[in-house]
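Nothing in this text is a laboratory measurement; each read-out follows from the coordinates by a stated rule. Because the structure is a prediction, the values reported are computed rather than measured. For neighbour counting, all protein chains shown are included, and Cβ atoms are generated from backbone atoms with ideal geometry for every residue, glycine included.
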Amino acid sequence: MFILFLCVTATRADDAPKEIVLREGLVIPAVGRSGRSAVHTDAIEAMMVAGTWTAPKAGDTVKLPDGNTRAWETLKAGNDSTFSGRALAGGYAFFTVPSDSERVMILDAAGHRMVYVNGEPRGGDPYSTGYVKLPILLKKGMNKLLFSVSRGRLRAKLVLPKKAKLAPSVNVPAYFDLSDSTLPDLLAGQQMRTYASVGLVNTTNKTLEAEEHIIDGAILHGEGGNFKVTLRSVTLPPLSVRKVPIAIEGTVPVEEEKFAFKVSRNAGINAHVFDEASFTLRVRRPDQSHKRTFISDIDGSVQYYAVMPAKPLAGESEPPALFLTLHGASVEAMGQADAYAPKTWGHLVAPTNRRPYGFDWEDWGRLDALEVLEHAQKELKTDPRRTYLTGHSMGGHGAWHLGVTFPDRFAAVGPSAGWVSMFSYAGARKMDQGSPMTELLQRCMTPSDTLALVKNLAHDGVYVLHGDKDDNVPVAQARQMREELAKFHHDFQYFEQPGAGHWWGGGNEGCVDWPPMFDLFARHRLPTNEEVRQVDFITASPGISAWSHWAGIEAQKVQLKPSSISIRYNPGPHSFAGTTDNVARLALDLAHVPACDKIPVELDGQKLDVPRAAGVHRIWLARDGDKWAAIPQPSLALKGPHRYGPFKDAFRHKVQFVYGTKGNTDENAWALAKARYDAETFWYQGNASVDVLPDTAYDSAKENDRNVILYGNADTNAAWQPLLAASPVQVRRGQAKIGDKPAAADDLALLFLRPRPGSDQACVGVVTGTGIKGMRLTDRLPYFTSGVAYPDCILLSPAMLTSGTDGVRAAGFFGADWSVAKGEFVWKE
């Protein structure tokens, strides 16, 4: 058990009510169209952006984007203080909260996508997890809470912040909240370095620096063990919640089921303990299922995965296999691992997708699966040739998605009850391809198009499992994949369990742990590069998946349009020959090729003798028009697998959010609120822990390889000049300029990313506007929603909220040199 003592200064509480439960308000059904799309319509959001929204009364009407109207109606809670009804499936709920003074309270709500608190966006809890408890500032007078609700139910109440333990009349400026903790298991008898994380809440309307609110470590002496614990010092933005990483290092006792720790810090002679929190870590035997944690490269957060260890037979010396198993929606990784019986010949490893719902195993869910795979292969010392992929329901989709995206990572793939793609099941819609703009925006979603990449499975074993009475994921999803595989695949098995629904069976005879699937796995191994003679590979984006065995697609002619290669290696003459489609730059790895001066290459009917540099195990070829030419190793300043875009790629590499403070009052308030809202949304959806800091505290000369998300423009954010002075996209009050093309208006919004100066891998992502209206227009752009995709750069007007894609003023991809001139941009004249 950890007991964490937090030493802080404190303020005396007034006589505010301890709890305010929202029981009566107003409701209006959906006033636009959203879903998994880069653009959406919303009549109320349009008024929020314009600054014309006012508190409604029962009977007031709202004109919808399609010309119809909807009216506000009275909304009352049931006996359980929960609101429900069809209008809350995509609609809004509005409440007023009077306050006789300015005070901070904790908003404890569930069921909403987001909420405007006196006009500022705050994070939601659409899946009703119950752990989203946000500090908000109530002003003196009437306060307005406007909830966007998606799933038909809402509950909400306001409670006072936590009081000091030793002084009940005193509010705690920052306190621990353990309702959303990420905790590892300890393994008996082992020397461990592991990680935990717990929530920390800032209840003040100011930034709390690290030294103001948290201990920085202590030596822990527990019964039977000696542990060192280090808490990472973090900065907390005003009125925010953040998870704090904790490093734990020591030797675990053998005979304990749980292990207790106690840590405290004396901040000075007059220090007092105002908060404490405790949690318990399980001690598991190494052969039992258990949780492991690691620090994610995405944001520096603590993530976990579950392991069902192998139980090898006596005398077994071969490195174990690894089965990467992906859970379904709402399922925890630990539950996924425990659904399997232990295997004698391999470890079962279950990532989390960053959350039980997470990202449908796309976007940051896909990155989580890859991080876990690499971590588990290293920690468990598995055989990389015997790596297998499976999953159930949403995890079945994940098995399809990762399988078609990374075909050389897995020897065999086994989706169970899996849906095919965002388009076939998850609500994404394909745009009308009637214009260059919609074609470009649709192309951004290619990484989510399973069928566009399905031929990558040709060399993997595949087992498709589904219940023929599945009422959650229709069996038609599996049958569609059977039809697609039958067109080209010669090594797949398909089985429908008669009469079975979505979840069936148990033990080692069910829809997850299915013996015939593991029998197929046992018959497959990944070949080494020396054994591979033919590479047939398709990628949606080199920034996601560039390589298959010894061939890599490093750049595309048309970005995010599927690119493919079919290349054969001939060991006699040590030559390569094949064809390409939509490939601008190709790399061939020669580690398996004997030493020679030149490599004969034939591409698309053109023959070349490519010099092989001494000590370099790769060659590169680039296409200019219809001609291929050998080139030196490309500069990392160019687009490539290391840094390719599009916009969402900026949220990687220990990303930090930097908000502007150099604007006017409204601009500065927006920048802070938007950065905090993004941090809350990423925390909720992706278990993230992001550094959020003002431009005045940001030093661009430090930590060059960290990505940055910059909130504001050249006039409002001091970090713009050091990071974006050379950018071909410039934004100031009243004007945006993309290349040599200006757009003058004070209500435009932009998202774009650029390579970070001084780094070979980091990016700067920009969330900005030409004025306060444009800035507000970015507030609810759903870039944390899985399957939603944006190009490298997009310019929007408020007309998007009433006219959809007609409100997209410009969109495009930078060229291979990150320029506008050599890129692809579409403008709406």
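Karplus couplings for the range 528-544 from phi (6.51 cos²θ - 1.76 cosθ + 1.60, θ = phi - 60°), rounded to Hz, Gly and Pro as x?
Residue by residue, the range 528-544 yields 6, 4, 5, 8, 8, 9, 10, 10, 10, 8, 10, 10, 7, 7, x, x, 9 Hz.
What are the lysines whose alpha-carbon lies under 24 Å from the alpha-carbon of LYS607, with same-chain residues fewer than 8 places away excluded?
Reachable lysines: LYS557, LYS598, LYS627.
Normalised by the number of residues in the range 690-778, what is the relative contact order in percent for Cα pairs under 8 Å and 6+ residues apart?
Relative contact order, the range 690-778: 30 percent.
Could you work out the relative contact order of the range 17-151? I mean the mean sequence separation of Cα pairs under 8 Å and 6+ apart, divided by the number of residues, in percent.
Normalised by residue count, the contact order of the range 17-151 is 26 percent.
Compute the distance in nm between two label points, each set 7 Å from the Cα along the Cα-to-Cβ direction, one at GLU316 and one at LEU636.
About 4.0 nm separates the two model spin labels.
Of the options GLY660, LEU586, PHE647, report the single residue whose Cα projects farthest towards the positive end of the charge dipole of the range 561-683 (beta-carbon charges: Lys, Arg +1; Asp, Glu -1).
Toward the positive end, the furthest listed residue is GLY660.
Figure the gain on full extension for THR230 and LYS378 (residue separation times 0.36 nm, minus the Cα-Cα span) and round it to one decimal in nm.
50.9 nm
Among VAL27, GLN721, ALA87, flag the residue with its Cα farthest along the positive direction of the charge dipole of the chain, charges on Cβ as +1 for Lys/Arg and -1 for Asp/Glu.
Toward the positive end, the furthest listed residue is VAL27.
Using 7 Å Cα-to-Cβ label points, what is the SER435/LYS206 separation (nm, one decimal)?
Roughly 5.0 nm, to one decimal.
Under a straight-distance cross-link criterion of Cα-Cα below 27 Å, which lysines are reachable from LYS469, leaving out those fewer than 8 residues away in the same chain?
Result set, ordered by chain and number: LYS487.
Is there a quick way to get the dipole size of the chain? I mean about its Cα centre, with the Cβ of Lys and Arg at +1 and of Asp and Glu at -1; what is the value in debye to the nearest 20?
It works out to roughly 1080 debye.
Once you order the gyration tensor axes a ≥ b ≥ c over the Cα atoms, which shape class does the range 715-829 get: rounded for a/c under 1.5, otherwise prolate or oblate by comparing a/b with b/c?
It comes out rounded by the Cα gyration axes.
So which trypsin sites (Lys or Arg not before Pro) in the range 516-594 pass both tests, a DSSP loop state and at most 13 other Cβ atoms within 10 Å of the Cβ?
Those that pass, being in a loop and sparsely packed, are ARG523, ARG533.
Starting at the first residue of the range 283-293, write each ³J(HN,Hα) from the Karplus equation 6.51 cos²θ - 1.76 cosθ + 1.60 with θ = phi - 60°, in whole Hz, x for Gly and Pro.
Calculated HN-Hα couplings, in order: 10, 10, 5, x, 8, 9, 4, 7, 9, 10, 10 Hz.
Does the range 403-443 come out rounded, prolate or oblate, given a ≥ b ≥ c as the square roots of the eigenvalues of its C-alpha gyration tensor, rounded meaning a/c under 1.5 and, failing that, prolate meaning a/b above b/c?
oblate
Mind putting a number on the dipole of the range 7-125 about its Cα centre? Charges go on the C-beta only, +1 for Lys and Arg and -1 for Asp and Glu, and I need it in Debye to the nearest 20.
380
Would you list which aspartates and glutamates come within 19 Å of LYS163, measuring only between C-alpha atoms, while excluding same-chain residues fewer than 8 positions from it?
Correct list for LYS163: ASP14, ASP15, GLU19, GLU102, ASP108, ASP177, GLU212, ASP275, GLU276.
So if we plug the beta-carbon distance of SER819 and GLU509 into 1/(1 + (r/R0)^6) with R0 = 45 Å, what FRET efficiency do we get, rounded to 0.05?
0.15
Tell me, what is the FRET efficiency for THR96 and VAL159 to the nearest 0.05, using R0 = 25 angstrom and their Cβ-Cβ distance as r?
Step by step, r from the Cβ atoms, then E = 0.90.
Report, by chain and number, residues whose modeled amide H sits under 5 Å from the one on HIS502, excluding near sequence neighbours (fewer than 5 apart, same chain).
ASP471, ASN472
Provide the gained length on full extension for the span GLU703 to ARG151, in nm with one decimal, where the gain is 0.36 nm per separating residue minus the Cα-Cα distance.
Taking GLU703 through ARG151 to full extension adds about 194.6 nm, to one decimal.
What pairs from LYS561/LYS828; LYS228/LYS648; LYS57/LYS662 go past 28 Å between their alpha carbons?
LYS228/LYS648; LYS57/LYS662
Put +1 on the Cβ of each Lys and Arg and -1 on the Cβ of each Asp and Glu in the range 341-461; which of TRP345, MET437, HIS401 then has its Cα farthest toward the positive end of the dipole?
Farthest towards the positive end: TRP345.
Counting only C-alpha contacts under 8 Å and six or more residues apart, can you give the relative contact order of the chain as a whole percent?
About 10 percent, as a whole number.
Report the extension gain between ALA55 and LYS18 in nm, rounded to one decimal, defined as 0.36 nm multiplied by the number of residues separating them, less their alpha carbon distance.
Length difference between fully extended and current span is 10.7 nm.
Rounded to whole Hz and in sequence order, give me ³J(HN,Hα) for the range 233-243 from the Karplus expression 6.51 cos²θ - 1.76 cosθ + 1.60, θ = phi - 60°, writing x for Gly and Pro.
Once rounded to whole Hz, the list reads 6, 10, 9, 10, x, x, 6, 9, 10, 8, 8.
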